[in-house]
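These notes concern the structure reproduced below.
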Amino acid sequence: MLEKALVGSRKYWTWVFFLLAVVGVGFLAYLNQFTTGLGITGLSRDVTWGLYIAQFTFLVGVAASAVMVVIPYYLHDYKKFGKVVILGEFLAVSAVIMCLLFIFVDLGQPMRIMNVVLHPAPGSVMFWDAVVLNGYLFLNLIIGWYTLGAEKKGVKPEGWVKPLIYLSIPWAVSIHTVTAFLYAGLPGRHLWLTAIMAARFLASAFASGPALLILLCLIVRKVSKFDPGKEAIQSLAKIVTYAMCANVFFFLLEVFTAFYSGIPSHQHPITYLFFGIEGHTNLVPWMWTATVLAILSIILLVNPRTRKNETTLAFAAAILFIAAWIDKGMGLVVGGFIPNPFEKVVEYSPTAPEVAITLGVWALGFLILTGLYKIAISIKEETAT
Amino acid sequence: MKIYDGGKILLGLIVFVGLAAFPFLYNAGKAAAKPDPKTDTPVIQEMAEKKCVEPKEFMRAGHMQMLNNWRDSVVRDGMRVYVSNTGSRHDMSLQNTCMNCHSNKKKFCDECHNYMAVKPYCWDCHIAPKEKES
Amino acid sequence: MSINRREFIRIAGISTILGLGGSVIADKLGAASEVLPNEKALKGKHWGMAIDVGKLKTDADYRKCIDACHDIHNVPDIGNPKEEVKWIWTESYEHTFPGLESKFMSESVEHKPFMVLCNHCENPACARVCPTKATYKRNDGLVMQDMHRCIGCRFCMAACPFGARSFNWRDPRPFIKKEKENKEYPTRMKGVVEKCTFCFERLAKGLKPACVEASGGAIVFGDLEDPDSEIREVLRTRYTLRRKAELGTGPSIYYVIGGGEHA
């Protein structure tokens, strides 16, 4: 099946080489980081995680969201998702690979990464995160690859894959729950110390992931003869709508708890994010952008007219994706470190090499996604005729 | 017999073999000097019986494992004294025990490490003894 | 010492030839030799410190403790506060004890510097989250950092509620003055996390931590589990505070605040 990714139009190859170029730039920047150290980033002793871990956190959500097409299709026999389910699974595969890469580029001593396996620490959430992420990667790779192969041959998938599919459902929930526990289990980081962190993560994941899937479906329809189907896209849109409303609702719960209780340490990070503290306002424009985009996306999604119009739907999905990316990536990760344990404000902003490495990893993820989608679409086109 | 795309396959094979063999071809004919580690440091010179914590043969083959064990013993288990097979006692410390005698890192450590093309990163943290630039 | 030298060499030689490599040699070595703690090592069940804030009067008093620590441990002076590496330093009351500050409070306390360092918690969050056990709690209560094993994920820095941990954002060597370098102690490399280790290397030789020695009696170090220890006597008779005790990590550093004969 792999050969399908090696033949394509001029446009396909232009896109592939564009991505490769971005990967190349990122790789050069990474070589610099590898020799000099993480000092080339904007991170500091106060804000120890930034852009990389933000992408990681956000992308775990995108990966987990595949479950939103798997559940209706396999558990509720919702046939309309038959065409998008493989797109969801392959999106999960590339998202998890990006997650692992973002963890890797964030390490100070990447050559020692196998220490996590050589000296396993079952008490560490990070250890379990590595376990569930790798497990999820293989589950989706096996399921997606195998069912696609069966489709190519025109046979029904064999029985052994069914239990794996069912397993992948709680597993998807687990990857994002465990990722939330990375944050929610830490004493003294007030923004993160919240029981609804995992719930928030899942809500934002089930909004942003399917939103990206909608965009990908629309692109696929444009560049190939394969149509995931209007109805499937509309069902995804409804999932996105509910999940985004839940996501915003959960966030407002956090705001209520912090501000009605009046506990200063709980208020500080949120105040910092939206208004700044003592003139430190790096993230303020970002957070308000996210707020406006989130509200606008909900208006467009809740309104049936704009949801059913694919142009406005695409716009809504795009701005929702950006809003969720800001909120869960930068807002949540960086906001958790500010103020620092001494209640001092030390700000963070990424550097150019840091951005280059980040874009490089995204490009590599999209390269894998492009290849996988190319294979899936070629087979879908073949079997359709 | 006809090989489809024979030319391309052949070209690919040649490129592959060329790349794989490059390190050998590159170094061919250039015999690297046999390593000749020295133990002629002032501290060793003054020793009545010139011997290491364990026999030379063992140290030569197993010093890396021994240092790994020492490291874990000292840092993780708080055990600092090594009782050797002959019963002699030593403070387990690369920087303070090993390098106290072997103060000639360049001629003692690097000589073989360079020959074997291994780059132990001990010295990224552990401070090597001061030596004259040679 | 169950096998003789000849047999020992034979086993070492054979295992090398067989290419079974290190593990076998190391195992045989383990059987033939042994490792022991230093007899002079200080023994305790739960090391702790009581810092008598009143006894540290001038800037020079603090400086002595800080320099003693940073000099013997080759702590680099990076200069850039964002990349700073520090094991022990001072903070004001409001930053040391956030949440305990008052609008109106004793001026002597308000403007007093407080010495901060790793709290060597009883229930350390940093050790809990470490994915490789590079940081862990020893039997004597000391929270150790194994710089050989650290992968530099910095999860511990997110977990520590005391900001006690530093990361080597770049190679620290160029930031250690050659003439100040302690030849008997290693430096660190880029990409690992470091912090105060309660001078584990000194405890092993029977010495108290360097800052304690330099404090001229202002810092009392001892076994918190031993009711007859000097530190327990201090805690029995003086009013002490711990940083963020409400988080349940169980800090082992106590601050003696006012009261007693030094008020």
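The values are calculated or read from the model by the stated rules, or taken from the named source; none is laboratory data. What you are looking at is a predicted structure, and each value in this text was computed from that prediction instead of being measured. Neighbour counts are summed over all protein chains in view; Cβ atoms, including those assigned to glycine, are modelled from backbone coordinates with ideal geometry.
Key figures
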read-out	value
Test for C:ARG242: is it surrounded by 20 or more Cβ atoms within 10 Å (Cβ to Cβ) and in contact (Cβ under 8 Å) with a residue 40 or more places away in the chain	no
Filtered residue count, segment A:332-349, keeping only those that are farther than 22 Å from C:PHE162 by Cα and modelled with pLDDT of 95 or more	0
Flag for C:HIS95 being facing another protein chain (nearest Cβ under 7 Å), more than 19 Å from the chain's Cα centre (by Cα) and free of Cβ contacts under 8 Å to residues at least 40 places away in the same chain	yes
Among the residues listed as C:VAL193, C:VAL212, C:VAL220, the single one being touching a residue at least 40 places away in the same chain (Cβ under 8 Å) and within 14 Å of chain A (Cβ to nearest Cβ)	C:VAL193
Residue check for B:VAL53: crowded, with 18+ Cβ neighbours inside 10 Å and touching a Lys or Arg at 6+ places or on another chain (Cβ under 6 Å)	no
Flag if C:THR249 is under 27 Å from C:ALA50 (Cβ atoms), touching a residue at least 24 places away in the same chain (Cβ under 8 Å) and β-branched (Val, Ile, Thr)	yes
Those residues of segment B:1-50 which are farther than 15 Å from B:CYS101 by Cα and either among the β-branched types (Val, Ile, Thr) or surrounded by 11 or more Cβ atoms within 10 Å (Cβ to Cβ) (or both), in sequence order	B:ILE3, B:ILE9, B:LEU10, B:LEU11, B:GLY12, B:ILE14, B:VAL15, B:VAL17, B:ALA21, B:PRO35
Matching residues in segment B:54-68 - criterion: being of a type outside the set (D, E, K, R) and without any contact (Cβ under 8 Å) to a residue 40 or more places away in the chain	B:PRO55, B:PHE58, B:MET59, B:ALA61, B:GLY62, B:HIS63, B:GLN65, B:MET66, B:ASN68
Members of segment C:144-159 that are touching a residue at least 40 places away in the same chain (Cβ under 8 Å), more than 7 Å from chain A (Cβ to nearest Cβ) and either over 12 Å from C:THR197 (Cα atoms) or in contact with a Cys (Cβ under 9 Å, 6 or more places away or on another chain) (or both)	C:GLN145, C:MET147
Sole residue being within 14 Å of chain C (Cβ to nearest Cβ) and more than 28 Å from A:LEU218 (Cα to Cα), chosen from A:PRO285, A:PRO264	A:PRO264
Unique match (being touching a helix residue (DSSP H, G or I) at 6+ places or on another chain (Cβ under 7 Å) and not assigned by TED's automatic domain parsing to the domain that holds A:ALA314) among A:THR147, A:THR194	A:THR147
Number of the condition not met by A:VAL355 [criteria: (1) modelled with pLDDT under 95; (2) more than 18 Å from A:PRO210 (Cβ to Cβ)]	(1)
Residue under evaluation A:PRO163, criteria (1) under 22 Å from A:ALA376 (Cβ atoms); (2) surrounded by fewer than 17 Cβ atoms within 10 Å (Cβ to Cβ), criterion not met	(1)
Single condition A:GLY331 does not satisfy, out of (1) surrounded by fewer than 20 Cβ atoms within 10 Å (Cβ to Cβ); (2) more than 14 Å from chain C (Cβ to nearest Cβ); (3) closer than 16 Å to A:THR281 by Cβ	(1)
Matching entry among A:VAL62, A:VAL70 (being surrounded by 23 or more Cβ atoms within 10 Å (Cβ to Cβ) and either aliphatic (A, V, I, L, M) or farther than 30 Å from A:GLY229 by Cα (or both))	A:VAL62
Count of segment B:95-108 residues which are within 9 Å of another protein chain (Cβ to nearest Cβ) and crowded, with 18+ Cβ neighbours inside 10 Å	1
Identity of the residue in segment A:163-205, free of Cβ contacts under 8 Å to residues at least 12 places away in the same chain and under 15 Å from A:ASN140 (Cα atoms), that ends up nearest to the chain's Cα centre (by Cα)	A:PRO170
Restricting segment A:93-126 to residues that are part of a loop (DSSP other than H, G, I, E, B) and facing chain C (nearest Cβ under 7 Å), the residue that is nearest to A:LEU186 (Cα to Cα)	A:SER124
Any hit, segment C:74-94, residues being more than 27 Å from C:GLU201 (Cα to Cα), crowded, with 19+ Cβ neighbours inside 10 Å and touching an Asp or Glu at 6+ places or on another chain (Cβ under 9 Å)	yes
Filter result for the condition that a residue is farther than 25 Å from A:LEU191 by Cβ, in contact (Cβ under 8 Å) with a residue 60 or more places away in the chain and among the charged types (D, E, K, R), over C:LYS133, C:LYS112, C:LYS137, C:LYS55	C:LYS55
Any hit, segment C:170-184, residues being within 14 Å of chain A (Cβ to nearest Cβ), assigned to a loop (DSSP other than H, G, I, E, B) and either among the small types (Gly, Ala, Ser) or under 19 Å from the mean Cα position of the chain (by Cα) (or both)	yes
Members of segment B:80-92 found to be closer than 25 Å to C:ASN139 by Cβ and surrounded by fewer than 19 Cβ atoms within 10 Å (Cβ to Cβ), listed by number	B:VAL81, B:VAL83, B:ARG89, B:HIS90, B:ASP91
Filter result (within 14 Å of chain C (Cβ to nearest Cβ) and crowded, with 22+ Cβ neighbours inside 10 Å) within segment A:342-367	A:TYR348
C:ASP140 of a type in the set (Asp, Glu), under 23 Å from A:ILE103 (Cβ atoms) and either buried (at least 18 other Cβ atoms within 10 Å of the Cβ) or away from chain A (no Cβ under 11 Å) (or both)	no
Any hit, segment A:53-68, residues being touching a strand residue (DSSP E or B) at 6+ places or on another chain (Cβ under 7 Å) and either within 14 Å of another protein chain (Cβ to nearest Cβ) or within 15 Å of A:SER168 (Cα to Cα) (or both)	no
Hits in segment C:128-137 - residues which are surrounded by fewer than 24 Cβ atoms within 10 Å (Cβ to Cβ) and more than 7 Å from every other protein chain (Cβ to nearest Cβ)	C:TYR136, C:LYS137
Qualifying residue in segment A:351-360 (condition: out of contact with any Cys (no Cβ under 6 Å at 6 or more places or on another chain), assigned to a helix (DSSP H, G or I) and within 20 Å of A:GLY61 (Cβ to Cβ))	yes
Pick from segment B:32-57, criterion within 14 Å of chain C (Cβ to nearest Cβ) and hydrophobic (A, V, I, L, M, F, W, C), ranking: farthest from B:GLU131 (Cα to Cα)	B:VAL53
Condition check for A:GLY88: small (Gly, Ala, Ser) and surrounded by fewer than 22 Cβ atoms within 10 Å (Cβ to Cβ)	no
